[in-house]
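Read the figures in this text as sums done on the coordinates, not as results from a lab. Since the structure is predicted, the reported quantities are computational estimates derived from the model, not experimental observations. Ideal geometry is used to build each Cβ from the backbone, glycine not excepted, and the neighbour counts take in all protein chains shown.
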Amino acid sequence: MAGASERHNLIVTNLVLSLGTSLRGRNCRVYSSDMRVLVCDRCKGLYMRIPSLHEYLTVSQTEMMIDDSVRQADNSWLMRELVPANGNVSIRCLGIELDFAGVYDQVEFDEPTA
């Protein structure tokens, strides 16, 4: 997205670095958020209709939270909401783990209002 926030760019950079390092030497490619995936221009939920998609992570830029959706054997999806207390983020389909804190390294959030 053109003109994305500093927070968004830090998270993307952290993810690209972590994924790239974890996947080095494997037949995998890591792209930034500027890569388009042609599915449909109506809604992101249609990604989950791609038969070869096994896991889908949504990383929040407003709080430290990652949604992890994993395709089940019956083609349904199991979604887990991950928070820092979960420690590492396991990406099962790739057999890797990302450091949760590393995803949000140097990302500053606004102080909560009382």
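Loop only by DSSP, 11 or fewer other Cβ within 10 Å of the Cβ. Give me the GluC sites (Glu not before Pro) in region 65-114 that pass, ordered by residue number.
Passing sites in region 65-114 are 108.
Which value results when the Cα radius of gyration for region 42-87 is divided by 2.2 N^0.38 Å?
Output field value: 1.25.
Would you mind getting the Kirkwood hydrodynamic radius of region 6-103 from its Cα pairs, rounded to one decimal in Å?
Evaluated on region 6-103, it is 14.6 Å.
Pull up all non-local amide H partners of residue 91: gap of 5 or more, or a different chain, and H-to-H distance under 5 Å with H placed in the peptide plane.
Amide H neighbours of residue 91: 96, 97, 98.
First measure r as the distance between the Cβ atoms of residue 60 and residue 24, then evaluate 1/(1 + (r/R0)^6) with R0 = 22 Å and state the FRET efficiency to the nearest 0.05.
0.25
So who's got an amide H within less than 5 Å of the one on residue 23, skipping anything under 5 residues away but keeping other chains? H placed 1.01 Å off N, in plane.
Distant-sequence amide H within range of residue 23: zero hits.
Starting with the fewest neighbours, write out 71, 26 ranked by other beta-carbon atoms found within 10 Å of each beta-carbon.
Neighbour counts put them in this order, fewest first: 26, 71.
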